[in-house]
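See below for the structure under consideration.
What follows draws every value from the coordinates through simple rules; no lab data is involved. None of the values given here were measured: they were computed from a predicted structure. Cβ: placed from backbone, ideal geometry, glycine included. Neighbour counts: every protein chain shown.
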Amino acid sequence: MGGPMCAHLLRAGYALTVYTRTPSKAQVLLDQGARWAESPASLVEKADVICTMVGFPKEARAIYLSKDGLLSKARSGQVFIDFTTSEPNFAQEIAEKANEQQAFVLDAPVSGGDVGAKQGTLSIMVGGEPSVFEALKPILHIFGKVLVHHGSAGCGQHAKLCNQIMIAGTMVGVCEALLYAHQAGLNGEKLLESIRQGAAGCWTLDYLAPKMLQRDFAPGFFVEHFIKDIGLALAEANRMGLLLPGLAVVHKLYETVQAYGHGRSGTHALLLALENLSPTYLATNKNPSSSSSPAVR
């Protein structure tokens, strides 16, 4: 998702300096006029606003807090925007460390997947100083259509975890409905035509259900990243003394998806795990975990 977001900045006329742990991934941006930084610290020397997006909290921690990390060279007035979905307490930690150097951090996780990143229509959930959020709105609007400030540092992460909790339940519902439809002998495309404009309508039904019908489980968002997000939500719920049994079940289901070898597939690959867990389905369909299996008509 970071690649398309950077491309939007270039098209908007911003001077862009990039750093990735895999330099080849930045080549398209370099060809379009972006400059290369040799390290996170050198990136800080060349930019007033630094945006980050990595996969896991441990990677974000290394990017920000290592000896050669972003905050090692932070200067007064700089703003860091972390689009990574991460731990709320980590967002608070880096905001505090940045403030010691009179710099600012916004935690700004996003929703909308690869489609939203490419189209510039992401929903961005922000935590941090309200005045900094207001000042950075012109940049954030390059990436997203919906910008909401939720409160102090860490609140953007809490909002994103709420988003993931809702998606988890919705995904199970969509996958189970399509599996049921197949076993009942229904046509999957006609089913979507019937229900997508009714009370069941949702983003997952519009964008991912058609891919399931085509047995296309290419990632817009990786299963392994979703397992991480659900784990973060469960950990925060536990810390707050909340019991979220539905989310705990979905977490186990996605661990099953990963165990079947689909950790780098899209989150809609949950359908494959549900197929494998259904004895009647297994009895009537060969090799259900294969991408060519006719799970739904």
Excluding residues fewer than 8 places away in the same chain, name every one of the lysines whose C-alpha is closer than 27 Å to that of residue 67. 25, 46, 58, 97, 228
Relative contact order for the range 1-45: what is it in percent, counting Cα pairs under 8 Å that are at least 6 residues apart? 38
Taking Cα Rg over 2.2 N^0.38 Å as the quantity of interest, determine which of (i) 0.96; (ii) 1.01; (iii) 1.08 was computed from the displayed structure. (iii)
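Tell me the trypsin sites (Lys or Arg not before Pro) within the range 2-51 that lie in a loop according to DSSP and have at most 14 other beta-carbon atoms within 10 Å.
Working: sites: 11, 21, 25, 35, 46; in loops: 21.
Counting only loop positions with at most 14 other Cβ atoms within 10 Å, the trypsin sites (Lys or Arg not before Pro) in the range 2-51 are 21.
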Classify the range 2-151 as rounded, prolate or oblate from the Cα gyration tensor: take a ≥ b ≥ c as the square roots of its eigenvalues, call it rounded if a/c is under 1.5, otherwise prolate when a/b beats b/c and oblate if not. rounded
Place a label point 7 angstrom from the Cα of residue 38 along the Cα-to-Cβ direction, then list the residues of the range 50-81 whose backbone nitrogen is under 15 Å away. 68-69
Comparing 159, 37, 91 in a Gaussian network model of the chain (Cα, 10 Å), the one with the largest mean-square fluctuation is 37
So in the chain, what percent of DSSP beta bridges are antiparallel if you round to the nearest 5? 20
In nm, to one decimal, how far is the modelled label at residue 20 from the one at residue 193, with both set 7 Å along Cα→Cβ? 4.1
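When DSSP beta bridges are limited to those with both residues in the range 85-198, what percentage is antiparallel, rounded to the nearest 5? Please list the in-between numbers first.
Numbers: 3 of 9 bridges.
Restricted to the range 85-198, the bridges split so that about 35 percent are antiparallel.
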Starting from the amide H of residue 80, placed 1.01 Å from N in the peptide plane, find each other amide H under 5 Å away whose residue is 5 or more places distant or on another chain. 50, 104, 105, 106
With the calculation restricted to Cα positions, what are the radius of gyration and Dmax of the range 99-211 in angstrom? 18.2, 63
Residue with peak Gaussian network fluctuation, the chain [Cα springs, cutoff 10 Å], from 127, 156, 201: 201
If you find the alpha carbon centre of the range 138-177 and of the range 190-215, how far apart are they in angstrom? 20
Taking the chain as the reference, fit the longest principal axis to its C-alpha atoms, fit the long axis of helix 223-239 to the helix C-alpha atoms, and give the angle between the two in degrees, 0 to 90, nearest 10. 80
Is there a quick way to get the dipole size of the range 159-284? I mean about its Cα centre, with the Cβ of Lys and Arg at +1 and of Asp and Glu at -1; what is the value in debye to the nearest 20? 140
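Say R0 is 41 Å: what FRET efficiency, to the nearest 0.05, do residue 280 and residue 56 get from their beta-carbon distance?
Values: r = 37 Å, r/R0 = 0.91.
Calculated transfer efficiency: 0.65.
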If you take the beta carbon distance between residue 243 and residue 135 as r and set R0 to 35 Å, what does 1/(1 + (r/R0)^6) give as a FRET efficiency, to the nearest 0.05? 0.30
Residue among 32, 108, 140 farthest towards the positive dipole end of the range 2-151, charges placed on Cβ: 32
J(HN,Hα) series, the range 130-141, from Karplus relation 6.51 cos²θ - 1.76 cosθ + 1.60, nearest Hz, glycine and proline x: x, 5, 5, 4, 4, 5, 8, 3, x, 6, 4, 5
Which percent, to the nearest 5, of DSSP beta bridges fully inside the range 2-151 are antiparallel? 15
Most fluctuating residue of 246, 266, 112 in a GNM of the chain with Cα springs under 10 Å: which is it? 246
